[in-house]
Amino acid sequence: MAEQVNCMKFSELKELVAALAANDKVTDETKIFLDTGWDSLQEILPGAVSVASAQPFQVQDELTKEYFGGYVLAEKSEKFDSSGSAEDVIVIKNLY
């Protein structure tokens, strides 16, 4: 059985943005970064957020034989063991 990650929903993002807007430390000039778990933060470029079509897929770990689920852009789904219907999602491009 594949591990499933709980993905943020748009309603949760709206709540987060409202909370950030109410924070005195956040201004219109506050920069936005992505923490990838490495030592440095990655910039979120203007225009990096869009709506795209994505499809679920599964990949098997070669060592443990455990399956992990994720999503792939629909236009790249033929490269993966994709299953299920494509759906519209919000994507933040991080091309570093």
Next on the checklist: Testing Lys14 on (1) more than 28 Å from Asp81 (Cα to Cα); (2) of a type in the set (Lys, Arg); (3) assigned to a loop (DSSP other than H, G, I, E, B), one condition comes back false. Which one is that?
Outcome noted: (3)
Checklist entry - When you go through (1) open to solvent by 40 Å² or more (accessible area, probe 1.4 Å); (2) under 24 Å from Asp35 (Cα atoms) one by one for Gln60, which number turns out not to apply? => result (2)
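Which one is farthest from the chain's Cα centre (by Cα), of the residues in the stretch 68-96 that are assigned to a loop (DSSP other than H, G, I, E, B) and closer than 17 Å to Ala48 by Cβ?
So the first thing to find is which residues in the stretch 68-96 are assigned to a loop (DSSP other than H, G, I, E, B), and the list is 80, 83-86, 93-96.
Add one more test, that the residue is closer than 17 Å to Ala48 by Cβ, and what stays is 93-96.
Numbers: Lys93: 9, Asn94: 10, Leu95: 13, Tyr96: 15 Å.
Among them, the one singled out is Tyr96.
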Checklist entry - Out of all the residues in the stretch 37-55, is one or more assigned to a helix (DSSP H, G or I) and exposed (fewer than 10 other Cβ atoms within 10 Å of the Cβ)? => result no
Checklist entry - Which residue pairs have Cβ atoms closer than 9 Å, lie 6 or more positions apart in sequence or on different chains, and pair a first residue in the stretch 1-18 that is more than 15 Å from Val89 (Cα to Cα) and modelled with pLDDT under 95 with a second residue that is surrounded by 10 or more Cβ atoms within 10 Å (Cβ to Cβ) and among the β-branched types (Val, Ile, Thr)? => result Ala2/Val59
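The values are calculated or read from the model by the stated rules, or taken from the named source; none is laboratory data. This structure is a prediction, so every number in the text was calculated from the model and none was measured. For neighbour counting, all protein chains shown are included, and Cβ atoms are generated from backbone atoms with ideal geometry for every residue, glycine included. Just so you know, the surface numbers come from the protein's heavy atoms only, side chains and all, with ligands and any DNA or RNA stripped out. Shrake-Rupley method; radii C 1.70, N 1.55, O 1.52, S 1.80 Å.
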